[in-house]
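J.: Sharing a structure below in structure tokens format, with a few things to ask.
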Amino acid sequence: MCIRDRDRTAGHPCFLYSPRGGVNIEEIDKKFIFRTPIDVIAGLTTKNIEEIVNNLNLPKELHPTAAKLVEGTYKCFIDNDATLVEINPLALTPDKRLLVCDTKINVDDNAKLRRPRIAALEDDSQKDPKEIEAGKVDLNYIALDGNIGCMVNGAGLAMATMDLIKLKGGNPANFLDVGGGAGDDQVFTAMKILNEDPHVEAILVNIFAGITRCDMIALGVIRGCQQLHVHKPIVLRLKAVSYTHLRAHETPEHLVCRLLLEKKK
């Protein structure tokens, strides 16, 4: 049994559960998998609880205990800004007791400031060092197992870029979204992460948006190439705010940016 932050069909938090246990939920026949969406305004109602408890097909004498468990799961979900609270497995013992054997909780990263007690439990030793470094400058980075490093602005464009790489027979080495307000320091850090990744053989920079400044992206890439001694091939595509402004300037820094743009088109 679990509750997750959003069911795509219902658009609400949703309980996902099954009376069948002992196997992964993906292996259970779909007719034994139940979903109960929870209205975010009304919250968990008595009707919701009764539906979940009845679908779990438990002995009648355990219904009050199961109802408390459902209530507690939802309270944990709401009180901790969770995106997922999972109980798996939930066991029925021979002496007719419900036993929570294992649990898992995912907390929204954006709630760290509101949940300092939970944030303090985070164990960085379990995370990829590259993801830790990216997080320090607000980069959204996830390491993958490919060889083409990606630097993109916007999660949607980043996903589309990775899809195109796969479509053309390549393999992306990462998901890296620099966001809409990226400065050259963030881009420099992104270049550092990609350059130091031994699996990355080439770097693709794909920037297209209405708020990302092309000159900041280009300056960050150039500074990265100069200071980090980047020797990996770079394919650079920039089309957004300051693109025209960037090409118009003839200061040394902007001239290099312009030449880099023309070279990589």
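The values are calculated or read from the model by the stated rules, or taken from the named source; none is laboratory data. Small disclaimer: the values here were computed from a predicted structure and weren't measured. When we count neighbours, we look across all protein chains shown, and the Cβ atoms used for this are built from the backbone with ideal geometry, even at glycine. Heads up: the accessible areas ignore ligands, DNA and RNA and are worked out on the full protein's heavy atoms, side chains in. Shrake-Rupley method; radii C 1.70, N 1.55, O 1.52, S 1.80 Å.
J.: Given a cut-off of 31 Å, what percent of all Cα-Cα pairs of the chain lie beyond it? Walk me through the numbers on the way to the answer.
T.: Numbers: 16054 of 34980 pairs.
Counting pairs separated by more than 31 Å, the tail of P(r) holds 46 percent.
J.: Here is a follow-up. Can you give the charge dipole size of the chain about its Cα centre, rounded to the nearest 20 debye, using +1 on the beta carbon of Lys and Arg and -1 on the beta carbon of Asp and Glu?
T.: Numbers: 34 positive and 36 negative charges, 121 e Å.
In total the dipole reaches around 580 debye.
J.: Cα to Cα, under 15 Å, and not fewer than 8 places away if on the same chain: which aspartates and glutamates meet these conditions relative to Lys232?
T.: Candidates past the 8-residue exclusion: Glu196, Asp197, Glu201.
J.: Where both residues lie in the chain, what percent of DSSP beta bridges are antiparallel, nearest 5?
T.: Working: 22 of 37 bridges.
Taking every DSSP beta bridge with both residues in the chain, the antiparallel ones total about 60 percent.
J.: Give me the net charge of Pro64's neighbourhood, meaning all other residues with Cβ under 15 Å from the Cβ of Pro64; Lys, Arg count +1, Asp, Glu -1. Provide the component values of the computation, followed by the final result.
T.: Numbers: positive: Lys60, Lys68, Lys96, Arg97; negative: Glu50, Glu61, Glu71.
Summing Lys/Arg as +1 and Asp/Glu as -1 gives +1.
J.: Sticking with this one: Taking Cα atoms, how many degrees apart are the long axis of helix 252-264 and the longest axis of the chain, rounded to 10 and kept between 0 and 90?
T.: Once rounded, the angle reads 70 degrees.
J.: If you roll a 1.4 Å probe over region 1-100 with all protein chains in place, what percent of the accessible area is carbon or sulfur?
T.: Values: 3110 of 6120 Å².
Carbon plus sulfur share of accessible area: 51 percent.
J.: Straight-line reach from Lys127: which lysines have Cα under 16 Å away, leaving out those fewer than 8 places along the same chain?
T.: Lys136
J.: Ok, one more. Using only Cα atoms, find the angle between the long axis of helix 46-55 and the longest principal axis of the chain, and express it within 0 to 90 degrees, rounded to the nearest 10.
T.: 80 degrees
J.: How far, in degrees from 0 to 90, does helix 184-196 lean away from the longest principal axis of the Cα atoms of the chain, to the nearest 10?
T.: Value to nearest ten degrees: 80.
J.: Continuing with the same structure: Taking the convex hull of the alpha carbon atoms in region 91-185, what volume per residue do you get, in Å³?
T.: That works out to 190 Å³ per residue.
J.: With a Förster radius of 45 Å, plug the Cβ-Cβ distance of Asp138 and Asn57 into 1/(1 + (r/R0)^6) and report the FRET value to the nearest 0.05.
T.: On the way: r = 47 Å, r/R0 = 1.04.
Once rounded, the FRET efficiency stands at 0.45.
J.: Leaving out ligands and nucleic acids, and using a 1.4 Å probe, what accessible area per residue does region 1-148 come to in Å²? If you can, show how the numbers build up before the last one.
T.: Working: 9790 Å² over 148 residues.
Per-residue accessible area for region 1-148 comes out at 66 Å².
J.: Provide the packing ranking of 90-100, 193-203, 34-44, i.e. peptides ordered by the mean count of other C-beta atoms within 10 Å per residue, highest first.
T.: Values: 90-100: 11.5, 193-203: 17.5, 34-44: 14.4.
For the peptides 90-100, 193-203, 34-44, the packing ranking is 193-203, 34-44, 90-100.
J.: Hey, another quick one. Give me the lysines in straight-line cross-link reach of Lys60: C-alpha distance below 28 Å, same-chain residues under 8 apart excluded.
T.: Lys60 reaches Lys30, Lys31, Lys47, Lys68, Lys75, Lys96, Lys104.
J.: Can you tell which of Thr9, Asn57, Leu69 lies farthest toward the positive end of the dipole of the chain, using +1 and -1 charges on the Cβ of basic and acidic side chains (Lys, Arg; Asp, Glu)?
T.: Thr9
J.: Full-extension gain between Arg6 and Arg35, please, as 0.36 nm times their residue separation minus the C-alpha to C-alpha distance.
T.: Values: separation 29, 0.36 × 29 = 10.44 nm, distance 1.16 nm.
Gain in length upon complete extension: 9.3 nm.
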